[in-house]
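Asker: Below you will find the structure I want to go over with you.
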């Protein structure tokens with residue numbers, strides 16, 4: 001018996017149709033199979049999207065495996081973990097993973113780190129990640145990738161007798177950081193090549209975060225324009241079924257409020273009383289798991305009554321043309337790239353077609369596909 005083809009490679013986008021500063025998250029939500037990534041990456045390549053961002057979950061979304069799959073099927077798309085955590089692998093394992101991806105993709109890969117979700121870390125017995133640890137880890141990666149022999153390292157990230165790949169390596173692999181609070185934004189500006197912001201940031205918050213990253217880069221003696229700031233912008237057009245839109249907007253916001261609502265409210269200067277009522281609602285208080293993953297349409301309709309429209313407004317919704325205009329607005333706020341969050345490339349196709357008509361001519365020509373700008 002002849003095996004059926006696993007995937008069909010589509011024709012890539014023409015140079016005029018490429019969007020190097022638009023990205024997407026592969027395997028958004030709770031995928032049935034990690035193999036869905038293959039078709040998503042190929043479809044993204046056809047549509048001209050610039051980067052596939054990979055979020056990590058401790059299930060079928062393990063980042064190293066997914067990165068390799070994405071790198072194997074695409075010759076053009078940038079690939080970034082957004083994010084993995086430095087304390088779930090030995091530094092040499094992470095260094096080797098990133099170098100393998102760097103060589104496999106011929107420079108299209110960016111290693112992206114984040115702090116992790118505190119309740120999950122507590123459940124799994126993982127220590128909370130500190131700013132000093134991340135900065136120390138970034139320094140170690142840079143040294144290892146340059147071919148240095150690191151002997152008797154004793155720093156915030158830990159003690160290691162020997163860390164090295166050997167002197168035959170001398171590479172710069174762009175690093176990306178998912179940032180939220182002021183300490184993270186400053187760290188991103190002074191130590192990373194790119195920063196990914198959070199979803200559902202108001203315009204005021206987004207502009208302030210961009211300025212914080214660029215200012216930190218300048219204070220560290222770096223060229224602010226060399227640090228790419230990516231907006232993570234929920235893009236959920238009206239062409240999607242209503243139940244799907246509910247899950248990707250209300251459900252996703254509710255899950256964020258479940259996990260780190262205080263930080264969301266503080267960052268956006270929202271009313272904490274609304275968060276208190278949300279948490280004390282009997283359905284929310286008794287719900288087990290993430291609302292965007294297992295919540296029914298009826299449950300999410302109830303949750304929608306607890307979340308103000310203004311909290312869901314920082315997103316691209318409505319017609320494809322309206323979504324495209326909102327995406328362009330993120331660039332106008334100072335962002336260097338926009339992740340069209342919460343939808344697959346196929347679901348994004350009408351929005352991308354509409355954006356192609358309003359994209360400023362020449363603005364993104366000649367930019368590197370790597371989301372870190374290298």
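The values are calculated or read from the model by the stated rules, or taken from the named source; none is laboratory data. These figures come from a predicted structure and were not determined experimentally. Positions of Cβ are generated from backbone atoms using ideal geometry, with glycine treated the same way; all protein chains shown enter the neighbour counts.
For every residue, the table says whether it meets (1) touching a helix residue (DSSP H, G or I) at 6+ places or on another chain (Cβ under 8 Å); (2) surrounded by fewer than 22 Cβ atoms within 10 Å (Cβ to Cβ); (3) within 30 Å of residue 302 (Cβ to Cβ); (4) touching a residue at least 40 places away in the same chain (Cβ under 8 Å).
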| site | (1), (2), (3), (4) |
| --- | --- |
| 195 | yes, no, no, no |
| 199 | yes, yes, yes, yes |
| 207 | no, yes, no, yes |
| 213 | yes, no, no, no |
| 218 | yes, yes, no, no |
| 237 | yes, no, yes, yes |
| 245 | no, yes, yes, yes |
| 263 | no, yes, yes, yes |
| 272 | yes, yes, yes, no |
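Asker: Here is a follow-up. Run down 326, 357 and say which single residue is in a helix (DSSP H, G or I), touching a residue at least 12 places away in the same chain (Cβ under 8 Å), touching a strand residue (DSSP E or B) at 6+ places or on another chain (Cβ under 6 Å) and surrounded by fewer than 23 Cβ atoms within 10 Å (Cβ to Cβ).
Answerer: On inspection, the qualifying residue turns out to be 326.
Asker: Give me a count of the residues in the range 144-154 that are outside any strand (DSSP E or B), in contact with a strand residue (DSSP E or B) (Cβ under 9 Å, 6 or more places away or on another chain) and within 17 Å of residue 89 (Cβ to Cβ).
Answerer: Step one: list which residues in the range 144-154 are outside any strand (DSSP E or B), which gives 144-149.
Now narrow it down to the ones that are in contact with a strand residue (DSSP E or B) (Cβ under 9 Å, 6 or more places away or on another chain): 144, 148-149.
Those left that are additionally within 17 Å of residue 89 (Cβ to Cβ): 144.
Qualifying residue count for the region: 1.
Okay, residues lined up against (1) in a loop (DSSP other than H, G, I, E, B); (2) closer than 18 Å to residue 249 by Cα; (3) assigned by TED's automatic domain parsing to the domain that holds residue 252:
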site	(1), (2), (3)
276	no, no, yes
292	no, yes, yes
298	no, yes, yes
303	no, yes, yes
310	no, yes, yes
353	no, no, no
364	yes, no, no
367	yes, no, no
373	yes, no, no
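Asker: Evaluate the following for residue 116: is it under 20 Å from the mean Cα position of the chain (by Cα), at positive phi and modelled with pLDDT under 95?
Answerer: It is true that residue 116 is under 20 Å from the mean Cα position of the chain (by Cα), at positive phi and modelled with pLDDT under 95.
Asker: Taking residue 137, is it surrounded by 16 or more Cβ atoms within 10 Å (Cβ to Cβ) and without any contact (Cβ under 8 Å) to a residue 24 or more places away in the chain?
Answerer: Numbers: surrounded by 16 or more Cβ atoms within 10 Å (Cβ to Cβ): yes; without any contact (Cβ under 8 Å) to a residue 24 or more places away in the chain: no.
Here the answer is no, as residue 137 does not meet what is asked.
Asker: Can you confirm whether the range 161-170 contains a residue that is touching a strand residue (DSSP E or B) at 6+ places or on another chain (Cβ under 7 Å), surrounded by 14 or more Cβ atoms within 10 Å (Cβ to Cβ) and not assigned by TED's automatic domain parsing to the domain that holds residue 261?
Answerer: So far as the range 161-170 goes, yes, one or more of its residues are touching a strand residue (DSSP E or B) at 6+ places or on another chain (Cβ under 7 Å), surrounded by 14 or more Cβ atoms within 10 Å (Cβ to Cβ) and not assigned by TED's automatic domain parsing to the domain that holds residue 261.
Asker: Here is a follow-up. Would you be able to tell me the number of residues in the range 312-321 that are part of a helix (DSSP H, G or I), more than 17 Å from residue 232 (Cα to Cα) and in contact (Cβ under 8 Å) with a residue 60 or more places away in the chain?
Answerer: The number of residues fulfilling the criteria is 1.
Asker: Also, I was wondering about something else. Being surrounded by 15 or more Cβ atoms within 10 Å (Cβ to Cβ), farther than 30 Å from residue 256 by Cα and touching a strand residue (DSSP E or B) at 6+ places or on another chain (Cβ under 8 Å): is that true of residue 173 here?
Answerer: Considered against the rule, which asks whether it is surrounded by 15 or more Cβ atoms within 10 Å (Cβ to Cβ), farther than 30 Å from residue 256 by Cα and touching a strand residue (DSSP E or B) at 6+ places or on another chain (Cβ under 8 Å), residue 173 comes out as yes.
Asker: A follow-up question, please. Only residues that are surrounded by 12 or more Cβ atoms within 10 Å (Cβ to Cβ) and either assigned to a loop (DSSP other than H, G, I, E, B) or in contact (Cβ under 8 Å) with a residue 60 or more places away in the chain (or both): list them for the range 278-290, please.
Answerer: 281, 287, 290, listed by residue number.
Asker: Turning to a different aspect of this structure: Mind checking which residues of the range 176-187 are surrounded by 17 or more Cβ atoms within 10 Å (Cβ to Cβ) and free of Cβ contacts under 8 Å to residues at least 40 places away in the same chain?
Answerer: The answer is 179, 185, 186.
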